[in-house]
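*Asks:* Take a look at the following structure, please.
The values are calculated or read from the model by the stated rules, or taken from the named source; none is laboratory data. Small disclaimer: the values here were computed from a predicted structure and weren't measured. For neighbour counting, all protein chains shown are included, and Cβ atoms are generated from backbone atoms with ideal geometry for every residue, glycine included. To get the accessible areas, we keep the full protein, side chains included, count just its heavy atoms, and leave off ligands, DNA and RNA. Shrake-Rupley method; radii C 1.70, N 1.55, O 1.52, S 1.80 Å.
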Amino acid sequence: RHKNVRWVLIPVFLVACLLAGYFFSVSGFFAVRTIVISGNDNVADEDIINIAQIEKGMNIFAVNEHALEQNIPILPRIMSATLERQLPGTIKITVVERQGVAVLNVGKAMAVIDGEGRIIDRQRQTDVFDLPIVTGVDIDDQGVVPGCFLSGEQIETALEVLTALPEDAEDIGEINVTDIQYIKIYTADGTEIRIGDSQNFGEKYLLYSTILQENERKAEKAIDYIDVSIVNKPTFAYE
C-alpha cells in the first residue's frame, strides 16, 4: 500500500514542479528590463528595437528572435543582427552595418552604395560623404531608394574596381564607367587615370600610384593624365 501511494505521489510532485517552473518563468522576474544594442553607428537603437518587436516589460522568453532576422531588410544599413537573452531580464542585440564604398548622383540627391550595390542611404548634400563618386551608370530603369540593389555591367564594373583598391587608398575621387572598356579614374586633385578595362586593376593601381608618388617626390609639374590601360607600356603627360 505504501508503495502504491509513493508511485501516485511522484507524478503529482513532478506535475507540481512543472507548474511551479512555468508560473515562475512567466512571472515578472523574467520581464525585459534592459535592451543593449551594439555595432550600430548609423542606425538608431529605437529602430532596431522596433524591428525586433521588443518592449520593456514583456517576458524575456516571449521575445521572438526570428522577428529580428525577418525584418532586417526594413533597415537598409543593417547587414545582419543576432539576439541574445541574458537572464533574468536583459536582451542584447549585436548588429553588423553595411559600409558605403561609393556614391552616385541620382538626380537631386546622392545615393550611397555598399559593396553589393545596395543603396544604403540617400542625401541631398554632396559634401557629407568621404567616398568616391561613380559616374556613367545608367539607372533610369532602376529603383534609387534605400534598400534597392543596383545591377548592370556598369555598376558591377565599378564595384569590381572598388573592391580591388587597397584599404589605404585615399586618392580616388571619381570612377567613370560610361564605357567599361575605357574606364577613367580621377584622383582627388583631378588627375585623370586611363585604366582601360577592369582587368588587373590592382596592378594598374600600383603602377599609376607609383608614377604619381615619383612625380611628387621630384617636385615636377602637375600630371595631366596617366594611361595604364596597357600595363607594360604606361604613358603620362604633363599639364
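*Asks:* If you scan the range 62-91, which residues turn out to be hydroxyl-bearing (Ser, Thr, Tyr) and exposed (fewer than 14 other Cβ atoms within 10 Å of the Cβ)?
*Replies:* Of the range 62-91, the ones hydroxyl-bearing (Ser, Thr, Tyr) are 80, 82, 90.
If the condition is that a residue be hydroxyl-bearing (Ser, Thr, Tyr) and exposed (fewer than 14 other Cβ atoms within 10 Å of the Cβ), then Ser80, Thr82 are the ones that fit.
*Asks:* Report, by residue number, each residue of the range 198-219 that is free of Cβ contacts under 8 Å to residues at least 24 places away in the same chain and among the acidic types (Asp, Glu).
*Replies:* Going residue by residue through the range 198-219, those that are free of Cβ contacts under 8 Å to residues at least 24 places away in the same chain are 199, 206, 210, 213-219.
Of everything in the range 198-219, those that are free of Cβ contacts under 8 Å to residues at least 24 places away in the same chain and among the acidic types (Asp, Glu) turn out to be Glu214, Glu216.
*Asks:* Let me ask something additional. Name the single residue, out of those in the range 92-104 being β-branched (Val, Ile, Thr) and modelled with pLDDT of 95 or more, that is most open to solvent (accessible area, probe 1.4 Å).
*Replies:* Filtering first and then ranking leaves Val96.
*Asks:* In the range 195-237, which residues are open to solvent by 30 Å² or more (accessible area, probe 1.4 Å), basic (Lys, Arg) and either in a helix (DSSP H, G or I) or out of contact with any helix residue (DSSP H, G or I) (no Cβ under 9 Å at 6 or more places or on another chain) (or both)?
*Replies:* Selection gives Arg217, Lys218, Lys233.
*Asks:* Also, quick follow-up: One residue is enough: does the range 122-136 have a residue meeting the conditions at pLDDT 90 or above, within 30 Å of Glu55 (Cβ to Cβ) and outside any strand (DSSP E or B)? Give the steps one after another, and end with the answer.
*Replies:* Residues of the range 122-136 at pLDDT 90 or above: 132-136.
From what is left, the residues that are within 30 Å of Glu55 (Cβ to Cβ) are none.
Checked against the condition, which is being at pLDDT 90 or above, within 30 Å of Glu55 (Cβ to Cβ) and outside any strand (DSSP E or B), the range 122-136 yields no hits at all.
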